[in-house]
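The values are calculated or read from the model by the stated rules, or taken from the named source; none is laboratory data. Keep in mind that this is a model prediction, so the values were computed, not measured. Cβ coordinates were reconstructed from backbone atoms using ideal geometry, including for glycine residues, and neighbour counts include every protein chain displayed. We work out accessible area using only protein heavy atoms, side chains counted, and drop any ligands, DNA or RNA first. Shrake-Rupley method; radii C 1.70, N 1.55, O 1.52, S 1.80 Å.
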Amino acid sequence: MYKKPAENQFSKYQKTNTGQYSTERIGIIPRSIIRTLNRFLTQIFPNSNVNVIQEFRVSRYQVLVSLQCLLYLIFVPLLINILTKTFVFAPLTSYIWNTQQEDIFLNSYLEKEALSELKDFEMQLYFDYFSSPNTYETPFWASYQDYGDFQPTNQDDENSVIKTNFDIDFPTLDPSFDHELVSTTIQKKTVDLATHYNQRSIDSLTNLFVDLSTFATLCLLIVVLRPQIIILKSFLIESIYSLSDTTKSFLLILVTDLLVGFHSPRGWELFLEFVLNRFGFPHNENFIFLFVATFPVLLDTVFKYWIFRYLNKISPSTVATYHAMIE
């Protein structure tokens, strides 16, 4: 049950002519002092025990409703996310992607990434072969002897090279070099990369659909549980205001430093990279740098305005402690 705000001089609500309640402007006296005065006046009257019991029941109901609402907002979208991904979107996306089109890569960015990984594998393969003491012996011309008298035994040794995708020539000084084995290994790696990036494309599309359904579920819960959310908001605000000024200042500094502090740009970069990788989007450095350069500044402006406009009137001691701590 909801309790209408009291229509007295200490309430922050005023009743309009239409019968609705509107928010009153914050006064000069902090609400913490007004609440303390109200509790003191309540205890003076003879029926104070009844009011205390009633207040306890309302507080208990508020805590239970807030906890229930918070659990709904956390676990229902999470459960929808897991179920829809496992039984709906993952099988459906995999079937459509593998049967209705012939592409392996979702975009050119994934294709370039796969090609770069294949090139690195080829370079590592040739490097491991020629640096292995079991398959490669130091040639005569690479020793510390005078190789001025060194001459190839035949004309074929002069032109004996291995051509790769990197325009690098590897001399086949070891006659035991197995071209077919290397070719087979590279072909197997290519098939593995194609399979991996095909699945990655499917996962990117699946994550997009699943996250959209989760967001829609969360929006639906906010609409359906609107009365409970109001109680939860009131409970959270009351809990924060009941903290000491030092604790509130510490939490304020912690949040602002994490979001808009000196080391926050690196955190925002990692966050954007995670989002782009999750949905298979290309990594545009210009977009990332622009976001990191503008969004934290916007958040910092919002924080400063909130501190100056609201927190300074609600709890001036917290603002003073906050400025003293950051200085």
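Structure above, values below:
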{"item": "Where Thr217 falls short, out of the listed (1) modelled with pLDDT under 90; (2) hydroxyl-bearing (Ser, Thr, Tyr); (3) not assigned by the TED database to the domain that holds Val319", "result": "(1)"}
{"item": "Boolean, Leu208 is open to solvent by 40 Å² or more (accessible area, probe 1.4 Å) and over 15 Å from Phe75 (Cα atoms)", "result": "yes"}
{"item": "Residue check, Glu285 of a type in the set (Asp, Glu) and within 30 Å of Tyr109 (Cα to Cα)", "result": "yes"}
{"item": "Extreme residue, nearest to Arg278 (Cα to Cα), among residues of segment 52-75 that are in contact with a helix residue (DSSP H, G or I) (Cβ under 9 Å, 6 or more places away or on another chain) and either open to solvent by 80 Å² or more (accessible area, probe 1.4 Å) or charged (D, E, K, R) (or both)", "result": "Tyr72"}
{"item": "Single unsatisfied condition, Asp211 versus (1) in the same structural domain as Ile96 (by the TED database); (2) at pLDDT below 90; (3) of a type in the set (D, E, K, R)", "result": "(2)"}
{"item": "Flag if Thr294 is at pLDDT below 90 and either in contact with a Gly (Cβ under 9 Å, 6 or more places away or on another chain) or of a type in the set (S, T, N, Q) (or both)", "result": "no"}
{"item": "Any hit, segment 224-234, residues being farther than 20 Å from Ala320 by Cα, surrounded by 12 or more Cβ atoms within 10 Å (Cβ to Cβ) and under 16 Å from the mean Cα position of the chain (by Cα)", "result": "no"}
{"item": "Any hit, segment 291-305, residues being surrounded by 14 or more Cβ atoms within 10 Å (Cβ to Cβ) and polar (S, T, N, Q)", "result": "no"}
